[in-house]
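Worksheet: one structure, shown below.
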Amino acid sequence: MPPFIRRRLLLQAGLATGALSTLGLPTRAFAEDEFDVLRVRWAELNTGGAIDPADPAYGAALAKLGAQAQQFVDTLIVDNARTALWADLPLSPSSGNFSISYTRLKTIALARATPGTGIAPGVGELLSGALDFLNGHSFNETLKETGNWWFWEIGAPRALLDTCVLAYDALSADQLSAYLKAVDHFVPDPNRRTNSPSLRETGANRVDKALIVALRGILGKSADRLSTARDALSDVAEAGKNSVFTYVTSGDGFYRDGSFVQHGNLAYVGTYGNVALGGVANLIALLGGSTWEISDPNRAVLLDAVDASFAPFVVDGLMMDCVSGRAISREAAGDHRNGHGATSTVLLLASGVAEPYASRYKALAKGWITRDRLNDYLPGASIPEISRAKALLADTTVAPALAPPRHFQFYNQDRVVHRRPGWTFAIAMSSKRMARYEWGNGENLRGWYVGDGMTYLYTDDQSQFDDAYWPTVDAQRMPGTTISTKPRDPGGSGAGTGTVAAYADWVGGASYQGIAGAVGMHLINYDKSLQARKSWFCLRDSVVALGAGIVGTDGYPVETVVDNRNLHEGGTAALQVDGQPAVDQVYTGPSWAHLEGVAGYVFPIGGQLRVQREDRTASWSEINIGNDTAGSTTPYTRRYAKLICEHGTATGAYAYVLLPGATSRQTAERAADPGMTVLANTANVQAIVSHREHLVLANFWTAGTVSVTEEGGWLVESDGPASVVVGRDGPVTTVAVSDPSRTVQTVRVTVGRRTEAVLAKDPAVTVVATGKQLVLDIAVGGTRGATHTASFH
């Protein structure tokens with residue numbers, strides 16, 4: 001180790017020893033090696049280091065930590081005949097309660113090691129005995145895994161090792177050796193699943209295990225284990241096959257388009273993605289400057305993911321639920337808390353990386369913290385998080401990063417985000433590649449339709465999806481979806497997680513210059529009793545939704561849910577239809593509707609619109625009975641406003657224009673002059689022309705043509721499945737094309753507009769002809785639904 005690094009690390013060790021002394025805790029004489037330094041560094045990363053307990057900024061967090069730890073101390077069973085540590089956590093191998101017990105011990109150890117919590121150092125003896133008890137009864141090298149593997153290979157060992165670091169002074173060498181034997185038994189190799197050795201760990205699980213093995217190496221003073229942990233991030237053992245620093249093309253990990261997938265087929269950046277990023281951030285902070293510093297030249301893949309994968313899904317500090325999987329059913333989670341988790345991770349990462357990343361991360365985090373008006377970041381933050389946030393908020397050189405308008409097509413995870421000033425719109429779809437939803441471990445029992453084209457509208461109401469939404473909403477009628485009204489049973493229960501398959505091929509769309517986009521989904525529902533072609537055309541001030549080819553075969557009425565809005569407890573937002581106060585009934589041929597404070601809705605083809613307002617009461621326990629995540633039985637009542645297009649029991653179609661933030665007057669004006677024309681709405685092609693934006697947006701489910709009457713008349717034609725956007729900006733014509741079906745090698749697109757010269761084009765685009773007609777061949781094969789663009793004068 002270079003002498004200057006050794007000096008720096010030893011200096012840090014000395015500072016940390018001083019911090020322990022101020023707590024009145026006994027300290028061991030530090031051997032002059034890196035392991036002790038890294039152990040103390042990890043303790044400081046957890047406690048916040050040398051904070052001032054008298055600083056009011058920490059008061060609430062210290063009191064909360066101290067109270068929680070004291071509760072666990074007071075209720076800890078100390079009888080020699082005990083069979084569990086806490087009465088509410090009876091120990092059985094398959095329950096996972098042993099892992100939760102370790103987590104409680106970590107809380108006690110953290111409070112003991114943090115100045116100002118009021119927890120006396122003397123609880124170290126209680127911790128020592130409790131750790132011995134769990135080691136003897138529930139977690140040692142003689143046991144086999146039962147129940148959920150995660151508790152054995154990630155949950156318990158991580159909490160155990162954190163506790164050993166924080167209470168290091170209270171443990172003997174023999175105790176530590178025994179605990180590390182258990183960790184070695186259940187996490188011998190961070191690259192593999194211990195209970196299924198042929199399964200290679202990926203994404204967040206790989207990062208979790210790398211951190212566990214790193215902590216085990218530090219506590220056991222094993223250079224080999226630390227090297228193994230560092231190398232696991234890059235998957236050195238298998239030549240980088242599952243490196244977290246490599247873009248993946250299938251399965252778990254980060255994709256070039258910004259997608260993040262976990263569990264093989266789920267969009268999961270909101271939770272597992274943050275675990276992956278957070279684990280790497282911790283390892284960068286922990287190992288920086290040491291012999292085992294993370295220096296993989298490809299780590300930019302993960303560092304770039306902050307902007308590419310995380311930021312698009314963060315709205316004013318909250319993390320969209322459409323990328324949080326079954327965690328939407330967790331009462332203790334929620335989109336704001338998940339957003340705070342991402343903020344914390346990005347701030348931690350900023351402390352350990354070079355420019356330009358550090359400044360960008362700080363600007364993003366400052367923007368997220370300052371724009372979250374519903375759930376202040378600081379009250380729920382830990383002491384280290386408060387310390388970093390305080391420094392950030394006081395730094396006048398850092399300006400909060402804005403969220404500029406942009407259209408994102410995440411074609412590798414079937415998600416779309418359309419960001420505009422004052423509102424954001426997201427679409428969650430599924431396909432043969434991506435599951436409809438995930439349930440299991442007793443979680444997310446009503447997640448049936450979250451991947452069937454559910455739409456999320458984010459406005460000034462930052463509590464829309466955070467205010468008891470998931471337990472109280474009518475889970476069979478999620479916004480944006482087309483559904484059979486056949487009743488559904490809860491999604492499942494028991495150990496392990498499961499995903500519900502989707503059957504559609506044609507899912508995705510084309511992005512136009514990052515400002516607009518065409519999106520489509522060929523819906524085939526869970527039991528194949530319903531099909532529909534669904535399109536969303538995302539514009540500057542609106543979203544146009546079309547549905548056609550709707551066929552139900554199970555005899556139940558079919559509905560399309562225009563909106564199902566949480567008006568909150570006793571909500572009184574005014575709802576109008578065609579300028580009159582709405583009543584709960586079915587309206588035939590409505591022109592428009594308006595929901596106060598939310599949006600306007602224009603219906604170009606009328607139809608049968610059911611308006612319904614209802615109070616719904618439910619508890620979180622109805623959607624989550626998980627061992628460590630179960631919801632409470634507390635009933636919540638929330639009022640909802642539903643707008644539903646009824647299609648009957650046979651076939652149907654729909655068209656509506658969503659106008660986020662529009663007033664009732666603006667909505668009426670748009671109904672009279674929509675500013676767009678529906679060119680086609682069939683099972684073969686759906687298309688509109690936006691007169692305001694000079695755009696034609698079309699989804700060709702098969703080969704087809706649409707005719708545009710403006711400018712003397714012209715056409716857009718595709719010889720196969722494609723999503724196409726054609727726009728004109730002055731003399732420049734731009735064409736954007738993708739193949740969401742991923743079934744053809746080349747698609748030919750013809751545009752009946754005069755063009756002369758090529759200004760720019762994607763390498764996949766071949767210009768066949770210009771002049772009176774523009775003819776393009778686009779090599780879409782193997783591009784996974786990506787958009788290809790060309791511009792002409």
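The values are calculated or read from the model by the stated rules, or taken from the named source; none is laboratory data. Since the model is a prediction, treat every value here as computed from it, not as a measurement. Virtual Cβ from ideal backbone geometry, glycine too; neighbours counted across all protein chains shown. To get the accessible areas, we keep the full protein, side chains included, count just its heavy atoms, and leave off ligands, DNA and RNA. Shrake-Rupley method; radii C 1.70, N 1.55, O 1.52, S 1.80 Å.
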Under the Karplus curve 6.51 cos²θ - 1.76 cosθ + 1.60, θ = phi - 60°, whole-Hz ³J(HN,Hα) for the stretch 45-53, x wherever Gly or Pro sits: 5, 8, 9, x, x, 7, 7, 9, x
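Using R₀ = 51 Å, calculate the FRET efficiency as 1/(1 + (r/R₀)^6) where r is the Cβ-Cβ separation of V586 and D55; round to 0.05.
The value I calculate is 0.25.
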Long-range tail of P(r) for the stretch 373-461 (Cα pairs > 16 Å, %): 71
Net charge of neighbours whose Cβ lies under 11 Å from the Cβ of T746, counting Lys and Arg as +1 and Asp and Glu as -1: -2
Mean residue ellipticity (222 nm) of the chain, computed from DSSP H runs ≥ 4 via -39,500 (n - 2.57), nearest 500: -8500 deg cm²/dmol
Computed P(r) (all Cα pairs; the chain; 20 Å bins; percent): 15, 46, 29, 9, 0
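How high is the FRET efficiency between N684 and T633 when r is their beta carbon distance and R₀ equals 60 Å, given to the nearest 0.05?
The formula returns an efficiency of 0.75 here.
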Gained length - S177 relative to I605, 0.36 nm times residue gap less alpha-carbon distance: 146.8 nm
Residues with amide H under 5 Å from that of R610, placed H, sequence gap 5 or more: Y587, I644, C645, E646
In Hz, Karplus ³J(HN,Hα) per residue of the stretch 674-684 (6.51, -1.76, 1.60; θ = phi - 60°; x = Gly, Pro): x, x, 8, 10, 6, 7, 7, 8, 10, 6, 9
Overall Cα dimensions of the stretch 318-394 - principal axes, largest extent first, Å: 37, 23, 20
Using alpha-carbon coordinates, inclination of helix 123-137 to the longest axis of the chain, degrees: 70
Kirkwood-Stokes translational diffusion coefficient of the stretch 113-261, alpha-carbon pairs, 37 °C, 0.692 mPa s, µm²/s: 198
Net charge, S177 excluded, C-beta distance under 13 Å - Lys, Arg +1, Asp, Glu -1: -1
Karplus (6.51, -1.76, 1.60) ³J(HN,Hα), θ = phi - 60°, over the stretch 289-300, in Hz, Gly and Pro reported as x: x, 9, 4, 9, 3, 7, 10, 3, x, 8, 5, 4
Summed side-chain charge close to Y654 - residues other than Y654 whose Cβ falls under 14 Å, Lys, Arg +1, Asp, Glu -1: 0
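Please compute the contact order of the chain in relative form: average sequence separation of alpha-carbon pairs under 8 Å and at least six residues apart, divided by the residue count, as a percent.
That works out to 8 percent.
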Accessible-area composition of the chain, carbon plus sulfur, in percent [1.4 Å probe]: 52
1.4 Å probe accessible area per residue over the chain, in Å²: 36
Exposure of V398 as accessible area (Å², to 10), given a probe of 1.4 Å and all protein chains: 20
Distant-in-sequence amide H partners of H568 (H built 1.01 Å from N, under 5 Å): R639
Only Lys, Arg (+1) and Asp, Glu (-1) charged, at Cβ; the stretch 110-254 dipole about Cα centre in debye: 220
Calculated FRET efficiency for the pair K390/R692, C-beta based, R₀ 45 Å, to 0.05: 0.45
Cα-centred dipole magnitude for the chain, charges only on beta-carbon of K, R (+1) and D, E (-1), debye, nearest 20: 880
Charge-dipole axis of the stretch 593-728 as Lys and Arg at +1 and Asp and Glu at -1 on Cβ define it, positive-most pick from N699, A593, A680: A593
Estimated distance in nm for a label pair at V767 and T702, the labels positioned 7 Å out from Cα along Cα-to-Cβ: 3.4
